[in-house]
1. Taking the residues in segment 410-436 that are touching a Ser or Thr at 6+ places or on another chain (Cβ under 7 Å) and in a helix (DSSP H, G or I) as candidates, determine which candidate is surrounded by the most Cβ atoms within 10 Å (Cβ to Cβ).
2. Are any of the residues in segment 72-87 farther than 30 Å from ALA278 by Cβ, surrounded by fewer than 22 Cβ atoms within 10 Å (Cβ to Cβ) and touching a residue at least 24 places away in the same chain (Cβ under 8 Å)?
3. When you look at LEU385, is it part of a loop (DSSP other than H, G, I, E, B) and buried (at least 16 other Cβ atoms within 10 Å of the Cβ), yes or no?
4. Restricting the first residue to segment 248-269 and requiring it to be farther than 24 Å from GLY289 by Cβ and surrounded by 13 or more Cβ atoms within 10 Å (Cβ to Cβ), which pairs with a second residue that is of a type in the set (A, V, I, L, M) and modelled with pLDDT of 65 or more meet a Cβ separation below 6 Å and a spacing of at least six or different chains?
5. Where the second residue is in a loop (DSSP other than H, G, I, E, B) and the first is of a type outside the set (Ser, Thr, Tyr) and lies in segment 308-327, which pairs have Cβ atoms under 7 Å and are six or more apart or on separate chains?
6. Would you please list the contacts, defined by Cβ atoms under 7 Å and residues six or more apart or on different chains, that run from a residue in segment 673-699 that is within 22 Å of GLU449 (Cβ to Cβ) to a residue that is acidic (Asp, Glu) and part of a strand (DSSP E or B)?
7. Looking at segment 504-528, which of its residues are of a type in the set (S, T, N, Q) and modelled with pLDDT of 95 or more?
8. Looking at (1) modelled with pLDDT of 90 or more; (2) exposed (fewer than 14 other Cβ atoms within 10 Å of the Cβ), find the lone condition where LEU274 falls short.
Amino acid sequence: MVADTVHTTPLTIKSQAARRGPAPLDLLVAPGAPEHKTQKIEVAAALANIKLRITAAKDEAELTKLCPHAATVVLMTRNGPVTRSDAVLKYVSGLNPATELCGADGFGRGRVDQWLEFGTHELEVAVVAATTHAKNKEVVNRATKDVQQACRTLDAALQKTTYLAGDRVSAADCAVVCVLRAALKNQLIATSKLGPSLLRWYLTCLHAPAFSSILGADAKNDALKALPAGKAPTSKKTAAAKAKASPTAKAVADPRTLFTPTFARSRERLKELLGRGAAAVGATVVVAGWVRTLREAMKGATLFVELNDGSCLASIQVVCGSDSTEGFAAAKACGGAGASLRVEGAVVESPGKGQTIEILAKAITVLGCTRGGPGRTVGAQTYPLAKKYHTLEHLRTHAHLRPRSRVGSAVVRLRNALAFATHEFFQQRGFLYVHTPLITAADCEGAGEQFTVTTLLPPEHDKAPKLPTVDGRVDYSKDFFGRQASLTVSGQLNVETHAVSLADCYTFGPTFRAENSNTSRHLAEFWMIEPEVSFATLADDIALAEDYLKYCVAAALCRCADDLEFFEGSKNEGLRDRLKAIVETPFKRLEYTEAISVLQKEMKAGRAKFENTDVTWGIDLDSEHERYLTEKVYKGPVVLINYPKDIKAFYMKLNADGKTVAAMDILVPRIGEIIGGSQREDSLEVLEERAKSVGLNPEDIKWYGELRQYGSVPHAGFGLGFERLVMLCSGVENIRDVIPFPRTPGNCRF
């Protein structure tokens, strides 16, 4: 249930309007009020997708009757009137938190406020003084100087940011653009006198419909006239030719400036609400989520609900009273854990331990009951996550509900942060993201452990098995692709095609291995990040891989602090210190040959005991060997380089000794190998010979050879198993617990 007034809270406006039709906020404006004072409120309302109903007051008495200290404007709200234009501007801007018009966090809100005050004291005071005392030359001259000084300050500040408070429009931009427009109309400063950065910002704002619809097209046209001769585009061709030099063209390249967003949540996410902490006390909010726990008190007259929406690890306590909460009876009968609720209420200080705030529910709506009782009746008896603690094995059998658990949701948020950091890292360095195929005819690893993709098995095959054959073998020429095709084991060969044309590229997608392995480190389906760098050597590849790994770990430390703290408390003592060490410590470079020697010495001295004691030159090191090097010997990340050619892929560059290849593996504590890479073979003849040596027909990869035939360049790349990165950052020891739906031998549920 919800209250009757559409603008009861910042977060109920959109949802209630959708149910009962638009109900605008009433704004009463004093006679003779400066135009810019209402314009800035109108612009903010347009950006926040809030409707206003503006009414001119008969006289000032009409305003003071509503609010004794009223000035210029009064906005009517359920809780009472709000007056003063900046206060109303901030109120309206805050009604749609998704737009972040008031700032995304405490620092952002501070920046918005500082520019609002600047606009009021440094610009608006001068504009109002000049227009009020237009016949007093002394006042006008003084006001003109103040406006010009303010514009110089704005120009200097806008050299470093797109908008006043950062990289997206805010309430400060709404206010300052409108008052600057007033200064220009009253000729306190000429548009031609605006600095280049200030003019760029002014035009960027006016380009947005929310500004132009309120200030009028003439505002933008007047500003365009002020552009230096030859810089005002007269045609599409001219605009394109001069886009690089034009401040206006550069400004509108930001897609956020080209449209007014319409999406807005009808609720506040718990991450933002809890992030506000005690500052949120007194606010009326709407939240929604799933019940973690529900308990009764005061003989059933009070409910304490632990609600979580997945946006963060923490939940919020909702207190419901039989006399004070509309929908109390329905909430009490929702079934408990697992039910979904929508809550409207007041934020108050929490007397409970470990929580700063809680919500006193005014209205609560049951969106979905938990039907885990007999015959699917309401109750949590069979809800798989009804208990507070669950083993990872139990959660694995309920992968469809696992994200609702604390560990499951923490893993998802960490995956999200690491995926975002991956794209962020490569995009910041000019790499192009390439989509490589999932169905391929090439085996990148040469191991043959691939899943075949075929349509040769008709629906009736299980009743009468029969496949087309040639000489006793399956005739794939009759198959869908006219040849044998498989799910990819790596996107590397395909991304190389783009790297030798576009220089630096990367791919990030699923890969598949038909290994009959049931270890805690292997999956049949997993995600890989594979960059390729042209005009690069093995040393360049190692440096890129080290930077990338450190960037991802640093991103996890900075952006997933609460989740990492939770992981550390789950039998992972020292997790964050280990991650910090990875970020802060240079990676040790170690020759493969030297690594074998070190392991042999450790075994001989009795310090190392391995299950596989056959540690000789030419073996592919097992995980136990890799972990010993990184955990016991060097106590940090190790980069193994120059492996024997016989244990590495055919495409790796052959070293001058003829026995080793320019390959590298990065080893980290508790995981072992996390990154594998190499400089690629750039000689066509050597590549063909290496392909033959591992049983590949060069004709099958003729296209790959042609990358060397036509303008070969030295290039290198690496691959990182994304799930192993998640394991590293979370401390979770089984790879099946860090991917939403693990695919392993004998398991393909969901």
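The values are calculated or read from the model by the stated rules, or taken from the named source; none is laboratory data. Please read all numbers here as calculations on a predicted model, not as lab measurements. Here Cβ is always computed from backbone atoms with ideal geometry, including for glycine, and neighbour counts include all displayed protein chains.
1. The selected residue is VAL411.
2. Yes, there is a match, as at least one residue in segment 72-87 is farther than 30 Å from ALA278 by Cβ, surrounded by fewer than 22 Cβ atoms within 10 Å (Cβ to Cβ) and touching a residue at least 24 places away in the same chain (Cβ under 8 Å).
3. Taking the combined requirement at face value, the residue satisfies it.
4. Final answer for the pair search is THR248/LEU203; THR257/ALA208; THR260/ALA210.
5. Pairs that qualify, where the first residue is of a type outside the set (Ser, Thr, Tyr) and the partner is in a loop (DSSP other than H, G, I, E, B), are ASN308/SER315; ASP309/ARG269; GLN317/SER350; GLN317/GLY352; GLN317/GLN355; GLY321/ALA301; GLU326/MET1; GLY327/MET1.
6. The qualifying pairs are GLU673/ASP665; ILE675/ASP665; GLY676/ASP665.
7. As a first pass, look at segment 504-528 and keep what is of a type in the set (S, T, N, Q): 507, 511, 516-520.
Answer for segment 504-528, where residues must be of a type in the set (S, T, N, Q) and modelled with pLDDT of 95 or more: THR507, THR511.
8. Evaluating LEU274 over (1) modelled with pLDDT of 90 or more; (2) exposed (fewer than 14 other Cβ atoms within 10 Å of the Cβ) leaves (2) as the failure.
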